[in-house]
Every structure is written in structure tokens, then in C-alpha cells.
Amino acid sequence: FQYLKRFDQGCDLDTFQYEALSVEGSPAQCLQLFLLHCGIVDPSWAELRNFTWFLNVQLRDCEASVFCNPDFVQDTLKGF
């Protein structure tokens, strides 16, 4: 949710890191963003769960990768 919220606001995601245990927005706002970005017109709960699980895994791997660390790559991969 934190990434999708900032993406919709046009924020720079290259320097953003997930903030564990922080609460942002309401459950209704979270669901609305998931429905907006999941790519399925009328998704089932299972499809929403799979979308959020996959997104979470990808973002966690991205944060852990040295190649996505702005301090390491500096400005060579801007927007990657």
C-alpha cells in the first residue's frame, strides 16, 4: 500500500523504503488502491491476494538488491 500510494501521488520511489509496522490510510483506501492497480476489472479475493503477495515479494526483493540501492548505483539507473 505504501508504494502504491506514493506511486499514485507521483513521488520518487527510488529512495523510498517500506516502513514496517507503520499504518497509513484506512482499510478502504488500501482496498481501493489494490482494485485500481491489480489489472483485473472485477477480481476475486484470491486474485487480490495473489496480486498483493506477488507485489510484496517483488518490492521486498527490490529493496534487498544492491542494484536498486540509490547509494550504490547513484544516478546511473534513475527510474529503474
Report task. Counting only heavy atoms of the protein chains, get the accessible area per residue of segment 13-54 (1.4 Å probe) and round it to a whole Å² value. Result -> 79
**Report entry** Gain upon complete extension [T52, D8; 0.36 nm per residue less C-alpha separation]
**Finding:** 14.2 nm
Query raised in the report: Can you give the helix-only mean residue ellipticity at 222 nm for the chain, where every DSSP H stretch with n ≥ 4 adds -39500 (n - 2.57) and the sum goes over all residues, rounded to the nearest 500 deg cm²/dmol?
Result: -15500 deg cm²/dmol
**Report entry** Integer Hz, Karplus 6.51/-1.76/1.60 couplings in order for segment 12-27, x for Gly and Pro
**Finding:** 6, 8, 5, 9, 7, 10, 4, 9, 4, 6, 8, 10, 10, x, 9, x
Requested in this report: Could you run the Debye sum over the Cα atoms of the chain, one equal point scatterer each and no solvent, and tell me log10 of I(q)/I(0) at q = 0.11 Å⁻¹, two decimals?
Outcome: -0.34
Query raised in the report: Quick one: if you stick a label point 7 Å off each Cα along the C-beta vector at S22 and L35, how many nm between them?
Result: 2.7
Query raised in the report: Under a point spin-label approximation (7 Å from Cα along Cα-to-Cβ), what is the D42-C68 distance to one decimal in nm?
Result: 3.4
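The values are calculated or read from the model by the stated rules, or taken from the named source; none is laboratory data. This structure is a prediction, so every number in the text was calculated from the model and none was measured. So basically every Cβ, Gly included, is an ideal-geometry build from the backbone, and we count neighbours across all protein chains shown. Just so you know, the surface numbers come from the protein's heavy atoms only, side chains and all, with ligands and any DNA or RNA stripped out. Shrake-Rupley method; radii C 1.70, N 1.55, O 1.52, S 1.80 Å.
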